[in-house]
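The values are calculated or read from the model by the stated rules, or taken from the named source; none is laboratory data. Keep in mind that this is a model prediction, so the values were computed, not measured. So basically every Cβ, Gly included, is an ideal-geometry build from the backbone, and we count neighbours across all protein chains shown.
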Amino acid sequence: MTVPGNEAELLARVVIGDRQAFELVMRNHEDRVFSVCLRILGDRERALDATQDTFLTVFRKARQFEGRSAVGTWIYRIAVNTCYDQLRRMQRRPTERFPEHLDPSDPGAEQEIESAGLRPEIEAALAVLSPDFRNAVILSDLEGLSLPEVADVLGVPVGTVKSRLFRGRRLLAQRLGNQTMS
Amino acid sequence: MRPSNQGMHEHDLDLIAALADGSTSDAADGAASGAAGARSLVETCPVCRAEYEAQTEVIAWLAGSPTPAMTDMERAGLHRAVRSGIESEKPAAPAAPWWQRLGYVAAGLLVVAGLVAVLQNSGVLGGADGLAESAATTVAGEAEAAGGAEGTGAPTEGIPFVAGDTAEDFDPQEAPTTTAAASESLTLPFAEFADEARSSQTQREETDTNEDDRECLARAGLDRHVVVREIEDEKTYLVVMPEDPAEDPVVFFVEVPECRIVFEDR
Ligand SMILES: [Zn+2]
């Protein structure tokens, strides 16, 4: 994990066009951005697309970073918004092309979907939650962000995050109670 | 919260849920409703205990989920795509245009400064305007510090000499009026127009998108969007945002009459 102060410095270097600094920032956060996007979008290719868009936005908007939050939470916020946009666009244009850089013949990717990809039963359970509840649960309980971090990423007060989490988990518990969990 | 039919208390389920995820300390506003109180309720009240167990089970269940990871191939593809995305953005450059433009302005200043110096030396400006002189030396000095970037025109590795000092002073709100006009040859600073559009949210509710524009938006795949303003440059662009103010303020730039999205800013 990188010290937040260093990351803010890195981002300041991105503002003046330092590509190396940008790549460092990207390497620090690409895994979690991908994971968040995959959990929100439920589709690897779309998640990779959203991850790409997120970092292009980070590059473009680096100078808008005001240092009020950690660089990481700023980036995850962009990622969540990028995913929302993608979901909206998918509704608008149901037959969207997949990005070119993703090779469908990549055997690793296919295997990944099946094995280490998302757990189907968790996906199915999360799917019944409204996006507000779902994203709070994803960021907190799956990604392990702290309450203030989740609040920052979602742009809502900590109290709102808590009540979304509590209610979200309550709904999940009901669903699980009806199925596997005793 | 619902009235208790088990014990003599109202079940504060959020307090119990906070105990389950360990966030009670920051939630403990009331004196009696801290973690200790919650813990004793879990022990004595079946309703509170059920809530506690449900919350902890869900948390544990979710925590056991593996974190999805990119394959090496996916990661390499991502890096390639982002790199080429940045490259292809450069000419149209929403990321860079402001410093590029400042680079041109600085280059212009250098020319002016050079002229002043030449004229001074040749005695045309005999009385040596003090202001012009100091301006000339300052700019020339900065250029020298930057490693003599004068000849190159477009700044490459040496760019920070302009950006370094001005980045913090740069106000995106001012940019559309000042910098767009100053640079005919460069693409419009769409990202900055977008920020401006976003900052005047009321426009979205007040706007009255006409029939032609609506048809154009539909052709661009932007139903339920409105035109918040138009930009006249060499071409005309509609600045478009979602109709619903509750939606994320994504700003689209639609070229007319082609009705094509040329830029999208989120
Ligand atoms: Zn109780």
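Filter region B:73-98 for residues that are at pLDDT 95 or above and at the interface with another protein chain (Cβ under 7 Å from one of its Cβ atoms) and give the result.
B:M73, B:E74, B:G77, B:L78, B:R80, B:A81, B:V82
Going through B:A50, B:A38 one at a time, which residue ends up being hydrophobic (A, V, I, L, M, F, W, C), under 18 Å from A:K162 (Cβ atoms), within 14 Å of the ligand (Cβ to nearest atom) and at pLDDT 85 or above?
On inspection, the qualifying residue turns out to be B:A38.
Quick check on this structure: which one of B:G114, B:G30, B:G64, B:G123 is at pLDDT below 95 and on the phi > 0 side of the Ramachandran plot?
Exactly one of B:G114, B:G30, B:G64, B:G123 is at pLDDT below 95 and on the phi > 0 side of the Ramachandran plot, namely B:G123.
How many residues does region A:2-46 contain that are touching a residue at least 40 places away in the same chain (Cβ under 8 Å) and of a type in the set (D, E)?
2
Report yes if A:G17 is in a loop (DSSP other than H, G, I, E, B), modelled with pLDDT under 90, more than 26 Å from B:G221 (Cβ to Cβ) and at the interface with chain B (Cβ under 9 Å from one of its Cβ atoms), otherwise no.
For A:G17, the condition - in a loop (DSSP other than H, G, I, E, B), modelled with pLDDT under 90, more than 26 Å from B:G221 (Cβ to Cβ) and at the interface with chain B (Cβ under 9 Å from one of its Cβ atoms) - is met.
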